[in-house]
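Asker: Quick one: the structure is below, questions incoming.
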Amino acid sequence: MARRAVFDPSDRDVFNEQRQRFDWSLLQNGFVYRYDTRFQLDSACERLTDLGYLVHRIEAHDWASIGDMHAAFAAEMSFPAYYGRNLDAFDDVLGDVATFDYGSDSDSTGTVLAIASYDQLVQLDRRTAKVVLDIFAKQARLAPCTAIRCCAWSNRLRPTSDRSAASTCPRAARGTVNRIRRGPST
């Protein structure tokens, strides 16, 4: 099945219109974002749902173990029973999302993973939290090769220093986590 491009530069007028959309403003700068507030995360999810994206919302606040993380991803994205519940298996299964085996829909604009309270995972295991973001970034970069748009979003559970939060984010060679900051108060 052939999928059409979300952003098609072959028609200049249509492309100029597409570039005004919310998803363009995000995807032109990367695939993984961190929002400072739950409101920002929820607003982004609503806007992307309105644009036809399949949005998987996952709440990390109550995770007490890495096993809870794997169980949440498996349940939300309908991973197969044989899912190994480790980081290598997670990387493999996210690759299968791009081929519409599960967790995605070929009729949608793209697939979004929105993880609220991501810093709960950082507290449980900083290395795992970083590797999960690296996996998201890698799979999101590979996804356009199969014509699916994938993104991942997260928000913090509680305020942390920028330095500690940023240290869990993938860097240049692996991908960039873009930070959406709280706007000025009025």
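Asker: Take peptides 45-53, 75-83 and line them up by average Cβ neighbours within 10 Å, highest first, as a rough protection proxy. Provide the component values of the computation, followed by the final result.
Answerer: On the way: 45-53: 16.2, 75-83: 13.7.
Most protected by this proxy first, the peptides run 45-53, 75-83.
Asker: Given Cα positions, please report Rg to Rh for segment 1-142, the hydrodynamic radius being the Kirkwood one.
Answerer: 0.98
Asker: Express in nm, to one decimal, how much length is gained between Arg47 and Ala64 on full extension, taking 0.36 nm for each residue of separation and deducting their alpha carbon distance. Numbers along the way, then the final one.
Answerer: On the way: separation 17, 0.36 × 17 = 6.12 nm, distance 3.06 nm.
Contour length minus Cα-Cα distance gives 3.1 nm.
Asker: Just need log10 I(q)/I(0) for segment 1-78 at q = 0.13, 0.21, 0.22, 0.23 Å⁻¹, Debye formula, equal scatterers on the alpha-carbon atoms, no solvent, rounded to two decimals.
Answerer: -0.57, -1.10, -1.15, -1.20
Asker: Taking amide H atoms as placed 1.01 Å from N in the peptide plane, list the residues 5 or more away in sequence, or in a different chain, whose amide H sits under 5 Å from that of Ile58.
Answerer: Distant-sequence amide H within range of Ile58: Ala114, Ile115, Ala116.
Asker: Separation between the Glu17 and Asp105 pseudo-spin-labels, each 7 Å from Cα along Cα→Cβ, expressed in nm?
Answerer: My value for the distance between the label points is 2.3 nm.
Coordinate-derived values only; no laboratory data. Bear in mind the structure is a predicted one, so any value in this text is a computation, not a measurement. Virtual Cβ from ideal backbone geometry, glycine too; neighbours counted across all protein chains shown.
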